[in-house]
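Visitor: Handing you a structure now.
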Amino acid sequence: MTRFMACMLLAATSVFAVSSSHAQQALPSLASPPPSSSSTFTSTSVSGSTSAPGYSASALFNFGNAYARAGKPGLAVLNYERAKLLDPNDPDIESNLRHVREASGLPTQPPAGLDRLPRIASPQILSWIGVLGLLIAGASMLARQAYPTHRGKFLASALLGFCALGVTLGCALSVWPTLHEAVVVGHSIPVRVSPTLIEEPLFVLSEAEIVRVNGEHDGFMLVKTRAGRAGWAPSSNLAPIVPKP
């Protein structure tokens, strides 16, 4: 049984590595089209340069700045949130995001619990920490069978590998809710009890507000606010933080 589990761990290592590689290749799809030249301004990017090629955290950060200057807080928050996914430790992203949200009258909650884990390192490093943890744990479990006189040492290294894997899994769990969140990019968006335009609105979503998306139907999204209120809002006024491929 122990040998079977070790083999499964080693097999999972290769799958995890391939998945991480594909995930990093998919990151460019997180970016929004750049704003028009009339609303673009030169600003220091996350990496410290004035421009950034492609769809990096720096480019998204500058898009967010441009939309904020153009008076579009929803699109600004959207790009800042996407930039934060790629570079969760950058203080400029967090500062500008907080400023735009406060200017829009929206509360900003400090990260707590698992939300602090992604700040340990970049997504790439965290992915490879998980891969390394799987390798150490799997190899140690196999070695325990091959060298029974040194089982204690191999058990310690296996526990170390599982701890490394636990850090990566904890970070993945903390980011998981973001996969189901969207930013309100329209002004005063009505939310109704059903996915139609007939009923009177239950309440109104503020621009730049972040909501959880629990479902979609016929051009509407079933959303839930952080205050716990739920209903259907037009999909055209909501932008997922992590868009579907």
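The values are calculated or read from the model by the stated rules, or taken from the named source; none is laboratory data. This structure is a prediction, so every number in the text was calculated from the model and none was measured. Positions of Cβ are backbone-derived with ideal geometry, glycine not excepted, and every protein chain shown enters the neighbour counts.
Visitor: Suppose we filter region 202-230 for residues that are in a strand (DSSP E or B) and either without any contact (Cβ under 8 Å) to a residue 12 or more places away in the chain or charged (D, E, K, R) (or both); how many remain?
Guide: The total comes to 4.
Visitor: Looking only at region 176-201, which residues are part of a helix (DSSP H, G or I) and of a type outside the set (S, T, N, Q)? So that I can check it myself, show each step before the final result.
Guide: Kept after step one, since they are part of a helix (DSSP H, G or I), are these residues of region 176-201: 176-180.
Listed by number, the residues that qualify are Trp176, Pro177, Leu179, His180.
Visitor: Taking Pro240 and the conditions (1) farther than 19 Å from Leu75 by Cα; (2) surrounded by 13 or more Cβ atoms within 10 Å (Cβ to Cβ), which numbered condition does it fall short on, given that it satisfies the others?
Guide: Tallying (1) farther than 19 Å from Leu75 by Cα; (2) surrounded by 13 or more Cβ atoms within 10 Å (Cβ to Cβ), Pro240 fails exactly one: (1).
Visitor: Another question, then. Working carefully through the options His187, His180, His217, find the one that is closer than 16 Å to Lys72 by Cα and either not assigned by TED's automatic domain parsing to the domain that holds Ala68 or not hydrophobic (A, V, I, L, M, F, W, C) (or both).
Guide: Values: His180 fails: closer than 16 Å to Lys72 by Cα; His217 fails: closer than 16 Å to Lys72 by Cα.
Going through His187, His180, His217 in turn, just one is closer than 16 Å to Lys72 by Cα and either not assigned by TED's automatic domain parsing to the domain that holds Ala68 or not hydrophobic (A, V, I, L, M, F, W, C) (or both): His187.
Visitor: Residue check, Thr168 against (1) at pLDDT below 80; (2) surrounded by 15 or more Cβ atoms within 10 Å (Cβ to Cβ); (3) more than 23 Å from Arg82 (Cα to Cα), all met but one. Which one?
Guide: That leaves (3) as the condition not met.
Visitor: Right, another one. Taking interchain pairs and intrachain pairs at least six residues apart, which have beta carbon atoms under 9 angstrom, with the first residue in region 56-71 and outside the structural domain of Glu102 (by TED's automatic domain parsing) and the second surrounded by 24 or more Cβ atoms within 10 Å (Cβ to Cβ) and in a helix (DSSP H, G or I)?
Guide: Here the result reads none, with nothing in region 56-71 linked to a residue that is surrounded by 24 or more Cβ atoms within 10 Å (Cβ to Cβ) and in a helix (DSSP H, G or I).
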